[in-house]
Amino acid sequence: MNDAADAATARPGPPLWLLAELTYRCPLHCVFCYNPVDFAQTAAGDELSTDDWLRVLREGRAMGAVQCGLSGGEPLVRDDLEVIVAEARRLGYYTNLLTSGVGLTPERAAALKAAGLDHVQLSFQDSTREMNDFLSHTKTFELKNKVAKIIKDQGWPMVMNVVIHRLNIDHIDRIIEMADEMGAEYLELANTQYYSWAFLNRDRLLPTREQLRRAEEVTDRWRAKLGERMRLFFVAPDYHEGQPKKCVNGWGSMFLTVTPDGTALPCHTAKMLPGLSFPNVRDQSLSAIWYDSEGFNRYRGTGWMKEPCASCDRREVDLGGCRCQAYLIANDPAAADPVCVKSPHHGDVLAAVERAEAGTPAPVREQPLVFRDPKNSRALAGG
């Protein structure tokens, strides 16, 4: 058997990162949310129970998972969050809460700290009340400022995340300044990835090349100024790079998501892909799902690839890129990621970028932003 065949049939290592999406309920309505556009079909009554989540944590740890992300939606709407955190701590996970901050009172923060929570990542949408509240469609800017202080008071690392796009990218200077004023040790400036709600809003959110150039220059200046005081992570955008990134470091290689209803996925958004069956943790063990399920094995390694990926000298570097992006743009989840210059569908990406360059996305009155909202979700799902 040759090396390529050996790699294609090799048993994968364990999932090192377990992402527990505890709920799709959320007080925010962000226009770039990665939750499914039909999230409203997963009602609160369909969410995994506390006992289900504790079993998932135990099974994940037994397989070798070491990091546990607690996300949503807004995970703080679950009143059993402290119980879940305490079990994760007992099992030996490093725990990370990804939150909008809504619901993180001093009392709740103290309870989570006592339960053993290691890390909190707080999201902001922008550096001003007006834009933060507009982009989230809520009045949360002042609350987020208070939550930042609560996080510092508990001794957690101050980690801030801001999703970057056309509507806030010119504010990066002030965003970084704000993070520094709050005492953040880490700031992630994550350029929008265009799937789910962001894909619906792509023409309103895609920045120009010049905007990106200026933003990177500003970030570099702040890096030099801040030194070791704060680490800045500028996540480059796919559409402008011409080279795809590995999907969550490789499909089914280290990352396992469990959605609120118990569906297990190799990436946050894989549930949208046609022709794949993803098991539920209510019906199968995590081990059986990870090692044996068709959904997790379909795009592992390189054996599934067709041209131009199959013969590309970067196939082991990017593993074909994002399967969801391939499906959304090329209507084929097995296609080369269209952000790649070698993809026959790369022209569709260039056309979107050129529309942004020309400043001619559809006017707001013709194509308004679609906010993440249960009503919009039901309409988009045909409900």
message = If DNA, RNA and ligands are ignored and the probe is 1.4 Å, what is the ranking of Ser136, Ser285 by accessible area, most exposed first?
response = Ser285, Ser136
message = Using a 1.4 Å probe on the protein heavy atoms, what percent of the accessible area of the chain belongs to carbon and sulfur?
response = 52 percent
request  = Give the cross-link partners of Lys139 among the lysines, using a straight C-alpha distance below 28 Å as the criterion and excluding same-chain residues fewer than 8 apart.
outcome  = Lys113, Lys149, Lys152, Lys375
note = The FRET efficiency for Gln154 and Ser287, from their Cβ-Cβ distance with R0 = 45 Å and rounded to 0.05, is 0.80
ask   = Among Gly73, Ala179, Ala215, whose Cα sits farthest toward the positive end of the charge dipole of the chain (+1 at Cβ of Lys/Arg, -1 at Cβ of Asp/Glu, about the Cα centre)?
value = Ala179
Net dipole in debye of the chain [+1 Lys, Arg Cβ; -1 Asp, Glu Cβ; about Cα centre; nearest 20] = 240 debye
message = What figure, in Å² to the nearest 10, do you get for the accessible area of Glu142 with a 1.4 Å probe and non-protein molecules left out?
response = 80 Å²
ask   = To the nearest 0.05, how large is the calculated FRET efficiency for Glu210 and Gln243 if R₀ is 22 Å and r is the Cβ-Cβ distance?
value = 0.65
key: Between the stretch 314-341 and the stretch 178-257, the Cα center-to-center distance that results, in Å   = 20 Å
Heavy-atom accessible area ranking, 1.4 Å probe, most first, across Phe278, Phe199 = Phe199, Phe278
request  = Pull up the DSSP beta bridges for the chain and report the antiparallel fraction as a percent, rounded to 5.
outcome  = 10 percent
inquiry  = Could you report the stretch 222-377's accessible area per residue, 1.4 Å probe, as an integer in Å²?
reply    = 44 Å²
ask   = Pulled fully out, how much extra length does the chain show between Asp203 and Lys146, if you take 0.36 nm times their separation in residues and subtract their Cα-Cα distance?
value = 17.2 nm
task = For the chain, state the semi-axes of the equivalent ellipsoid (square roots of 5 times the eigenvalues of the alpha-carbon gyration tensor), sorted largest first and rounded to whole angstrom.
result = 30, 29, 21
task = Under a 10 Å cutoff between Cα atoms, tell me which one of Arg282, Arg300, Arg323 has the largest fluctuation in the Gaussian network model of the chain.
result = Arg282
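The values are calculated or read from the model by the stated rules, or taken from the named source; none is laboratory data. Keep in mind the model is a prediction, meaning the values are calculated, not measured. With ideal geometry, Cβ positions are generated from the backbone for all residues, glycine too; neighbour counts draw on all protein chains shown. Side chains included, ligands, DNA and RNA excluded: accessible areas come from the protein's heavy atoms. Shrake-Rupley method; radii C 1.70, N 1.55, O 1.52, S 1.80 Å.
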